[in-house]
Each structure stands twice: as structure tokens, then as C-alpha cells.
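The values are calculated or read from the model by the stated rules, or taken from the named source; none is laboratory data. Fair warning: this is a prediction, and the values are worked out from it, not measured in the lab. Don't worry about glycine lacking a Cβ; one is built from the backbone with ideal geometry, like all the others, and counts go over all protein chains shown.
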Amino acid sequence: MDFPKKYDIIIVGSGIAGLCVSLRLAKKGHTVGIITKKSSADSNTNYAQGGIAAVTSNTDGIKLHVQDTLEAGDGLCNRHVVEEILKDGPKGIKTLIDEGVIFSQLEDGRISLGKEGGHSKRRILHVKDMTGKAIEEALLNAVSADAQIETLEHYFAVDVITTDKLKRSNPDIKCANRTVGLFVFNINKKCVETFETKAVLLATGGIGQIYQFTTNPSIATGDGIAMAYRANAIIENMEFIQFHPTALYSQQKDRFLISEALRGEGGILRNLEGEAFMERYDDRRELAPRDVVARSIDTEMKRLGSEHLWLDVSHIELKILKHRFPGIYNYCKARGISIDKDWIPIVPAAHYLCGGIHTNLSGETNIKGLYACGEVACTGLHGANRLASNSLLEAVVMANRGASSLDQYISQSNNFTLDLIKWIDGDLESSDERVILTHNKEELKRTMWDYVSIVRTSKRLDRAWSRLENLEKEINEYYWNFKVDVTLLELRNMITTAKLVVESSQKRKESRGLHYTLDFPYKLENIITTSIQIK
Ligand code: SIN
């Protein structure tokens, strides 16, 4: 292989955000490298069931969508950002339709619109209950047909190379800090390669794997957040972890998502006594915003000492369940639950990060040439609690906006070149005590679940911090001394991400949206964004 491998832009992650940007930039003639640590279809997008929120009906309006988003965000959304992104919603939907996504329709040919918590109107476009999968398949087809895009599967992005980093070994570099490359671990060859690029887009999705129970796939280890943080990017609002109220309860650790759209069609939450308890917590009952529903479930489980609650959809017509929710229907059936007769055992699980890498409305971070898009980014749309199904919309709208900005940036960067360095590996071969890393991972996930979950206290956060500090010391020792591998690289990113969540949570001395602490059970008048950057 040539040293170094070169692209105009490298995109890390192959979900909706990364794929949409790659297609736009390839059309402009730029060379695009997509890096993905597993296979291309392994992304958070693939697991999105409910759908994508956008105003597409005459009875709805952008103002209503804005109002619902601001209300769910509990005072922390950036109104201008909300208005700009939601206004572009219908255009974002058209982008997906143009790429081949076929949204579910009613019998009369109109688009079928679902309802989810916090929405005052039916506005969720969907492909049955497998919306993310359908979007991912359409975009991957388009990407594989484009010769300007090279997809590198089983490559793990380790760190962004910036000129500030290079200055440490080469004081002759005088330019203002900018992105010039990426260190990438070739998983099959077991070596780190240097890639040269004019810009990097981080589109790595979420962080759910830092929790013991999550609806996210195994790839969601916070890689993009940790990489951006190490590159000196600003990381915001990390305390706002959205717990999905209804994941399927099982004795195993996996948590299959039971879409909120089922509650939109009339699903009822019941406690173990069979009581439909939500009316005791909120007038909107099952369709209150997610933070309210998840907290109510948590309270109810603690009150009755139960390991799970129930979701009852048995009164919904079998035809609707089978036709609209085939994924959930079949998944439950295979596990002995007939959802048209049996109540579904559910628990909350870590689902979505509302904070992330700070970007503006063009997807730019504070580092020249470093962009972020999708769940990994914090644009200001979600505030303290994301409105259901606003995330796929944000990803596609911001991908369109980011691609325009990147097109200009790449064209202006044509004359900038710099000699990059090779990666220096640790001396030692893999230790036979690597089982320690597995234990560290389990401890990290348990710590986050036990101490940094739906209901928090200052004491629990302090406990989490001191445990994470100890774990970090051990993980760093491995990182600096041994040859890297995927387990180690992921764990290093998970510990950084977990610490960012705890530090942000400690900074917020109030309860707002998804951050609820018994020590400060009220909202402060002075609304702050928590922001962390390496000094
Ligand atoms: C769901 O289908 O409930 C998930 C949708 C989302 O997280 O927005």
C-alpha cells in the first residue's frame, strides 16, 4: 500500500449521516473514503424502528413541530437551530426518496404517518417498523454504485491527526490548527495505517454500550466522541442520555427495542398489578415525552420492587400488529410472546445521546476540517431531551448542510500539503492477561448503569467518577505499552466517553429533561450548556 493512503474526505461511520454526506460529496467529484469498524450495515441507523419525523401533511405545520421539539427539549434547545433544521425536514425526506427509500403508504396511497410521544400530530414517516434498515439498504446500494466512494470495512479509526499534534514533533509547522489525516487500525492486518485527507467527518453514532443495558448495537462505543475530545474539540451536554422506556425485558443482557410507535397506536403501560399507571404521572399518559415516561416507569418499578413492567397491545387489531409492526411481532413470537394476546415485559434501556461534539449548522466543529454529523454531534436541536424520531431527520438535514460546507472547504484546501508521520506501536505483544480488559469493560458498564442512570444523586456520580478514574489508569497502561487491538481501542473510547457523561452530569446543578438528580430536583432560571474541552 502507498504511504499514506489519500482521500479528499474520510468519513468515519456508515450510518445515515455518513452515507448521505458521502453521496453528496462524490457527486461533486471528491474522493471519499468511508471507514467502518465492522461491515457497512452495522450502524445505529439500522436499528431505528419508529421512523423519521417531518411535516408532510396539510393538517400539520413547521411551527407545531418546532413547538413540540422545544417542549420536549425542556428549555435547552437552540430555537434558531430547531427552526432551521425542521424547516428543511421535507427536503430531507425528498433526499431519501430520491435515493430509493419507499415509505409505508395507506391503502389510498397517502404516506402512512405514525404518532410518538411528545408529538401533537401524526408526522412519523416509516417503513413498517424497520425504517432504519430500509434507509440503510437504499443508501448502501447508492454508495456501492458510486466509483468516487471507497468503503473500507473492518478498519477502526484511532485518532484524528491535526497540525497541532504534528507540531509536538515538528516545530517547523507554523499554520493554525487543522485536520490533515487519520490513524486507522487495519483489523485484518492488525496494524495501524496513516491516512491523509483534507477533512474528516465523524459520523460514528451513539454511546449506548457504555451502559449495561442498551438498545444500541455493539458498535456504539462512543468512538467519535472520544476521538474528537482527544483532538481538542468541544463536547457538550453529555449528561443527557435518553433511556428508551420500552425495551424487551429478558434474562439475557440484550435489550430489543419495542418501538414507541406501538404506544402511538394505543399501547398501554401496566405495572405488575395490571394497573395502567401513567395517568398518575402525566396527563399525556403513554405519549408524554420520553424522559417523563422512562422516569415514571423507573419510579413504578422501584415502588413495587419489580424487575420489569408490561406493555399491553393486546387490544390492537391483529391485522395492524402484523402489518405495521412485523419486526416486533415476529421477534416476540420467536421468544414465546404473542403480542396480540400476551402483555410484553418491558424495561427502560440506554438509547440515545442528546449531547455530543459541538457543531454549527454546517456540521463544523471548532477544529478546521473536522466535521461531525448525526447522533455523535450536538447541534442544539435536541436540548435536554430529544423528541422521538427527530434524530434520523437531523442526520439527513445536517448531512445535506454539512456536504455543502465540506464541498467548499475541500476545494479551498487543494494547495495544502504536509508530511505525515507513521504510527509507533507499543513494544509488547498482546498480554495473556487480557481478560482484565473484559473485566474492566463489565465494571465500566455496570458502574454507569448503577450510578449514572435515570435518577442520579451527587454521591452516586462521585462514586462513578472515582471508579472510572481507576479503570482509566489500567486501560491507559495497556494502551501505552501493548500493541493495540479492537477491544483495547473500544475500551479506551468507552472510558473517555463515560467520564465525559459523569463530568457533565456533575456540572449540572439542577434537574432538566433527561438529567434528573435527587440533590437538585428543580430547574435553574439561568440555563446553561455544559461544555468540556481539553485545556
Ligand atoms: C422507537 O421506535 O421507539 C425509536 C424511535 C426513536 O428513538 O426516535
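Taking the options Ala138, Ala147, name whichever one is away from the ligand (no atom under 16 Å from the Cβ), surrounded by fewer than 24 Cβ atoms within 10 Å (Cβ to Cβ), more than 21 Å from the chain's Cα centre (by Cα) and under 27 Å from Arg24 (Cα atoms). Spell out the reasoning first.
Working: Ala138 fails: more than 21 Å from the chain's Cα centre (by Cα).
So the residue among Ala138, Ala147 that is away from the ligand (no atom under 16 Å from the Cβ), surrounded by fewer than 24 Cβ atoms within 10 Å (Cβ to Cβ), more than 21 Å from the chain's Cα centre (by Cα) and under 27 Å from Arg24 (Cα atoms) is Ala147.
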>> Given the options Lys94, Lys63, name the one that is more than 16 Å from the ligand (Cβ to nearest atom), among the charged types (D, E, K, R), under 27 Å from Ala26 (Cα atoms) and surrounded by fewer than 17 Cβ atoms within 10 Å (Cβ to Cβ).
In response: Lys94
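Results for (1) more than 20 Å from Glu193 (Cα to Cα); (2) free of Cβ contacts under 8 Å to residues at least 12 places away in the same chain; (3) touching a helix residue (DSSP H, G or I) at 6+ places or on another chain (Cβ under 9 Å); (4) not in a loop (DSSP other than H, G, I, E, B), shown as yes or no for each residue.
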position: Lys6; (1), (2), (3), (4): no, no, no, yes
position: Cys20; (1), (2), (3), (4): yes, no, yes, yes
position: Asp42; (1), (2), (3), (4): yes, no, no, no
position: Thr56; (1), (2), (3), (4): yes, no, yes, no
> Within the stretch 400-424, which residues are assigned to a helix (DSSP H, G or I) and acidic (Asp, Glu)?
Replying inline: Asp407
> Among the residues of the stretch 266-281, is any surrounded by fewer than 17 Cβ atoms within 10 Å (Cβ to Cβ) and within 16 Å of the ligand (Cβ to nearest atom)?
Replying inline: yes
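Return the only residue of Asn476, Asn440 being part of a helix (DSSP H, G or I) and touching an Asp or Glu at 6+ places or on another chain (Cβ under 7 Å). Give the derivation first.
Values: Asn476 fails: touching an Asp or Glu at 6+ places or on another chain (Cβ under 7 Å).
Unique residue meeting the criteria: Asn440.
Kindly provide the set of residues from the stretch 23-60 that are away from the ligand (no atom under 16 Å from the Cβ), under 22 Å from the mean Cα position of the chain (by Cα), among the aliphatic types (A, V, I, L, M) and buried (at least 17 other Cβ atoms within 10 Å of the Cβ), ordered by number. Steps first, answer last, please.
Filtering the stretch 23-60 for residues away from the ligand (no atom under 16 Å from the Cβ) gives 23-42, 55-60.
Those left that are additionally under 22 Å from the mean Cα position of the chain (by Cα): 23-24, 33-42.
Cutting the leftovers down to among the aliphatic types (A, V, I, L, M) gives us 23, 34-35, 41.
Listed by number, the residues that qualify are Leu23, Ile34, Ile35.
Among the residues of the stretch 352-366, how many are in a loop (DSSP other than H, G, I, E, B), hydrophobic (A, V, I, L, M, F, W, C) and more than 16 Å from the ligand (Cβ to nearest atom)? Break it down stepwise before answering.
Just the residues of the stretch 352-366 that are in a loop (DSSP other than H, G, I, E, B), to begin with: 354-355, 359-363, 365-366.
Those left that are additionally hydrophobic (A, V, I, L, M, F, W, C): 354, 361.
Cutting the leftovers down to more than 16 Å from the ligand (Cβ to nearest atom) gives us 361.
So the answer is 1.
Just give me the residues in the stretch 389-408 being among the polar types (S, T, N, Q) and more than 16 Å from the ligand (Cβ to nearest atom), in sequence order.
Step one: list which residues in the stretch 389-408 are among the polar types (S, T, N, Q), which gives 389-391, 400, 404-405, 408.
Asn400, Ser404, Ser405, Gln408 - these are the residues of the stretch 389-408 that are among the polar types (S, T, N, Q) and more than 16 Å from the ligand (Cβ to nearest atom).
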> Does the stretch 283-305 include one or more residues that are under 27 Å from Tyr211 (Cα atoms), touching a strand residue (DSSP E or B) at 6+ places or on another chain (Cβ under 7 Å), more than 15 Å from the ligand (Cβ to nearest atom) and outside any helix (DSSP H, G or I)?
Replying inline: no
> Among the residues of the stretch 438-460, is any at positive phi and among the small types (Gly, Ala, Ser)?
Replying inline: no
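Quick grid of which residues meet (1) more than 28 Å from Thr31 (Cβ to Cβ); (2) surrounded by fewer than 24 Cβ atoms within 10 Å (Cβ to Cβ); (3) at pLDDT below 95:
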{"site": "Leu201", "(1), (2), (3)": "no, no, no"}
{"site": "Gly208", "(1), (2), (3)": "yes, no, no"}
{"site": "Gln212", "(1), (2), (3)": "yes, yes, no"}
{"site": "Lys253", "(1), (2), (3)": "yes, yes, yes"}
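Name the residues in the stretch 367-388 that are among the charged types (D, E, K, R) and more than 15 Å from the ligand (Cβ to nearest atom), would you?
Taking the stretch 367-388 first, the residues among the charged types (D, E, K, R) are 368, 375, 386.
Passing the criteria: only Lys368.
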>> Anything in the stretch 229-265 that is among the small types (Gly, Ala, Ser), within 22 Å of the chain's Cα centre (by Cα) and within 16 Å of the ligand (Cβ to nearest atom)? List them, or say none.
In response: Ala247, Ser259, Ala261
